[in-house]
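Q: I have a structure here, written as structure tokens, and I will follow up with some questions on it.
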Amino acid sequence: MHIKSIVLEGFKSYAQRTEVNDFDPLFNAITGLNGSGKSNILDSICFVLGISNLSQVRASNLQDLVYKNGQAGITKAAVSITFDNLDKKQSPLGFEAHDEITITRQVVIGGRNKYLINGVNANNTRVQDLFCSVGLNVNNPHFLIMQVCSIPIPHSCCLSGYENFAEHFGVIFVKFPSSNLEALI
């Protein structure tokens, strides 16, 4: 299961409907100029995943997530993430029959908060269970490296920076001797 598209509407700096497509199944990076909304894309992912600590999306309350706190006539923030679910071996429990899964979260000025899974109302627990069934702990999002994230690296004379990074995030960096690199090219 991987992200196919994200649709933002009224969320933080995205007043108008904005769709982000063409995600790679393995690795993605959001890049752009200062102030272009990169961090808000990551915040929108955390928002849909149901992260309970609003400081992780740089907000003090749900109303902060609505474009200009509703003062520009926009009273609702909505984010939808569509996941590719073609690999049935990695499907969330109960969703094996679906080729795509769309999860939407909406918040309205005044505090109403709503989740939808494939257009059907769902509660936060149901959304969290869906992600837990594929091994995502949404309240410990090490799968997202946020812009302002600081990485606690243990002091060690034995590990390089890459090895510390790999150990902390559970990724592996493969080292090739320079003679092997020429053979690969």
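The values are calculated or read from the model by the stated rules, or taken from the named source; none is laboratory data. Since the structure is predicted, the reported quantities are computational estimates derived from the model, not experimental observations. In this analysis, Cβ positions are derived from the backbone assuming ideal geometry, glycine residues included, and neighbour counts consider all displayed protein chains.
Q: Can you list residue pairs whose Cβ atoms sit under 9 Å apart, with the first residue in region 3-25 being more than 22 Å from D87 (Cα to Cα) and the second being surrounded by 15 or more Cβ atoms within 10 Å (Cβ to Cβ) and of a type in the set (D, E)? Count only pairs 6 or more apart in sequence or on different chains.
A: The qualifying pairs are F11/D43; K12/D43; A15/E9; Q16/E9; R17/E9; T18/E9.
Q: Does V57 qualify as being aliphatic (A, V, I, L, M), farther than 21 Å from S133 by Cβ and in contact with a Cys (Cβ under 6 Å, 6 or more places away or on another chain)?
A: It is true that V57 is aliphatic (A, V, I, L, M), farther than 21 Å from S133 by Cβ and in contact with a Cys (Cβ under 6 Å, 6 or more places away or on another chain).
Q: Could you say which residue among D43, D87 is closer than 27 Å to T125 by Cβ and surrounded by fewer than 16 Cβ atoms within 10 Å (Cβ to Cβ)? Spell out how you get there, then give the answer.
A: Details: D43 fails: surrounded by fewer than 16 Cβ atoms within 10 Å (Cβ to Cβ).
It is D87.
Q: Moving on. Got a number for residues in region 63-84 being surrounded by 19 or more Cβ atoms within 10 Å (Cβ to Cβ) and in a helix (DSSP H, G or I)?
A: The qualifying residues number 2.
Q: Answer with yes or no whether I117 is touching a Pro at 6+ places or on another chain (Cβ under 8 Å) and within 18 Å of L8 (Cα to Cα).
A: No.
Q: Looking at region 7-24, is at least one residue part of a helix (DSSP H, G or I) and in contact with a helix residue (DSSP H, G or I) (Cβ under 8 Å, 6 or more places away or on another chain)?
A: no
Q: Right, something else. Tell me whether region 49-69 contains one or more residues that are over 23 Å from N124 (Cβ atoms), more than 14 Å from the chain's Cα centre (by Cα) and modelled with pLDDT under 95.
A: Within region 49-69 (the criterion being over 23 Å from N124 (Cβ atoms), more than 14 Å from the chain's Cα centre (by Cα) and modelled with pLDDT under 95), the answer is yes, since at least one residue qualifies.
Q: Answer yes if at least one residue in region 91-112 is assigned to a loop (DSSP other than H, G, I, E, B), of a type outside the set (S, T, N, Q), within 17 Å of the chain's Cα centre (by Cα) and modelled with pLDDT under 90, and no otherwise.
A: no
Q: Does N34 satisfy the criteria of being more than 19 Å from N139 (Cα to Cα), polar (S, T, N, Q) and assigned to a helix (DSSP H, G or I)?
A: Numbers: more than 19 Å from N139 (Cα to Cα): yes; polar (S, T, N, Q): yes; assigned to a helix (DSSP H, G or I): no.
For N34, the condition - more than 19 Å from N139 (Cα to Cα), polar (S, T, N, Q) and assigned to a helix (DSSP H, G or I) - is not met.
Q: Something else about it: When you go through (1) more than 17 Å from N113 (Cα to Cα); (2) out of contact with any strand residue (DSSP E or B) (no Cβ under 9 Å at 6 or more places or on another chain); (3) at pLDDT below 90; (4) among the polar types (S, T, N, Q) one by one for N28, which number turns out not to apply?
A: Answer for N28: the failing condition is (2).
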